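Submitted below is the structure of interest, expressed as structure tokens.
The values are calculated or read from the model by the stated rules, or taken from the named source; none is laboratory data. All values derive from a computational prediction rather than experimental measurement. Positions of Cβ are backbone-derived with ideal geometry, glycine not excepted, and every protein chain shown enters the neighbour counts.
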Amino acid sequence: MSSPGDSAHLLVVDDDARLRGLLQRFLSEEGFRVTAVDSAAAARQAISAMMFDLLVLDVMMPGESGLSLTESLRRERNEVPILMLTARGAPEDRIAGLEHGVDDYLAKPFDPRELALRVRTILRRAAPPVTTQALSTAPVQLGHSWFDIERGELRGPEGIVRLTGGEAALLQALARRVGEVLSREEIGAALGTPEAGERAIDVQVTRLRRKVEADPREPRFIQTVRHRGYVLRPGP
């Protein structure tokens, strides 16, 4: 039985030659196709030439940092899922990654098995689920936009609104339980990151509101319920 994400093409970006080689070998043994480069500049060249399903990206590199590369890719509307590797495990550092558009983070040193598990979790979130008539769910209206729950696709007046894997998973979790308040713990579990702190969930919600709400400071659809969590209230 194949695991989610098998045969996915990963781009590993790390300036540490030894770690880069270890990551490439381990992830290849786990069934992934792996390209490895040593800098953000090399990553840009690879991304311009090939399609990748996920980036495994070191945050601290000579020249352009992983955070800067992530921010640039998101500005360019490149929503390739990104798993950030960081030697800084403090909550504020992980939150900074989420604010820049990272999907998940893993602090060094890490167990290679956890790396593979997180990669597969991100790929599972990012992949369009197999749909059948029995599983079909009516799209949810969010003002002038519509969200297809099963496809994880948000479509506005000008076409598809690009969501990261984490943003799509968050909106799916809320849309599947319209009108119900989801705690931050429930949201973290739905995103596949049950260890995520409250602040990390809040950051994801803030990012999603920028793509859903006309005025993110006065959210109409994704509402905060004080001391409890968040609730989705769709409508025209």
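With respect to the numbered conditions (1) part of a helix (DSSP H, G or I); (2) over 15 Å from the mean Cα position of the chain (by Cα), which one is the sole condition not fulfilled by residue 178?
Answer for residue 178: the failing condition is (1).
Here's something else I'd like to know. Please work out which residue is nearest to residue 106 (Cα to Cα), limiting yourself to segment 203-219 and to residues that are surrounded by 16 or more Cβ atoms within 10 Å (Cβ to Cβ) and charged (D, E, K, R).
207
Of the residues 153, 186, which single one is modelled with pLDDT of 90 or more and of a type outside the set (A, V, I, L, M)? Even if it seems obvious, please write down each step before you answer.
Values: 186 fails: modelled with pLDDT of 90 or more.
Going through 153, 186 in turn, the sole match is 153.
Let me ask something additional. Go through 150, 185 for me and flag whichever is under 26 Å from residue 114 (Cβ atoms), outside the structural domain of residue 70 (by TED's automatic domain parsing) and of a type in the set (D, E, K, R).
Unique residue meeting the criteria: 185.
If we scan segment 38-52, do we find a residue that is surrounded by fewer than 22 Cβ atoms within 10 Å (Cβ to Cβ), in contact (Cβ under 8 Å) with a residue 40 or more places away in the chain and not hydrophobic (A, V, I, L, M, F, W, C)?
no
Let me ask something else about it. Where the second residue is in a loop (DSSP other than H, G, I, E, B) and the first is of a type in the set (D, E, K, R) and lies in segment 62-83, which pairs have Cβ atoms under 8 Å and are six or more apart or on separate chains?
Cβ pairs passing all conditions: 64/39; 71/101; 74/101; 74/164; 77/162; 79/162; 79/163; 79/164.
With respect to residue 71, determine if the residue is acidic (Asp, Glu), surrounded by fewer than 20 Cβ atoms within 10 Å (Cβ to Cβ), out of contact with any Cys (no Cβ under 6 Å at 6 or more places or on another chain) and over 20 Å from residue 86 (Cα atoms). Don't jump to the end; show me each part of the working.
Numbers: acidic (Asp, Glu): yes; surrounded by fewer than 20 Cβ atoms within 10 Å (Cβ to Cβ): yes; out of contact with any Cys (no Cβ under 6 Å at 6 or more places or on another chain): yes; over 20 Å from residue 86 (Cα atoms): no.
So residue 71 fails the test.
Hey, can you tell me all the residues within segment 84-115 that are out of contact with any helix residue (DSSP H, G or I) (no Cβ under 6 Å at 6 or more places or on another chain), of a type in the set (A, V, I, L, M, F, W, C) and buried (at least 21 other Cβ atoms within 10 Å of the Cβ)?
85
Now a separate question. Where in segment 39-117 are there helices (runs of 4 or more DSSP H), lying wholly inside it, with at least 3 residues that are modelled with pLDDT of 90 or more?
Hits in segment 39-117: 40-49, 66-75.
Just give me the residues in segment 203-219 being at pLDDT 90 or above and assigned to a helix (DSSP H, G or I), in sequence order.
Scanning segment 203-219 gives 205, 206, 207, 208, 209, 210, 211, 212.
A further question follows. Within segment 224-236, which residues are under 14 Å from residue 143 (Cα atoms), more than 20 Å from the chain's Cα centre (by Cα) and surrounded by 10 or more Cβ atoms within 10 Å (Cβ to Cβ)? Explain how you work it out, then say what you get.
Filtering segment 224-236 for residues under 14 Å from residue 143 (Cα atoms) gives 232-236.
Narrowing further to those that are more than 20 Å from the chain's Cα centre (by Cα): 233-236.
Result: 233, 234.
Moving to a separate point now. What number of residues in segment 55-77 are on the phi > 0 side of the Ramachandran plot and among the charged types (D, E, K, R)?
Residues meeting the conditions: 1.
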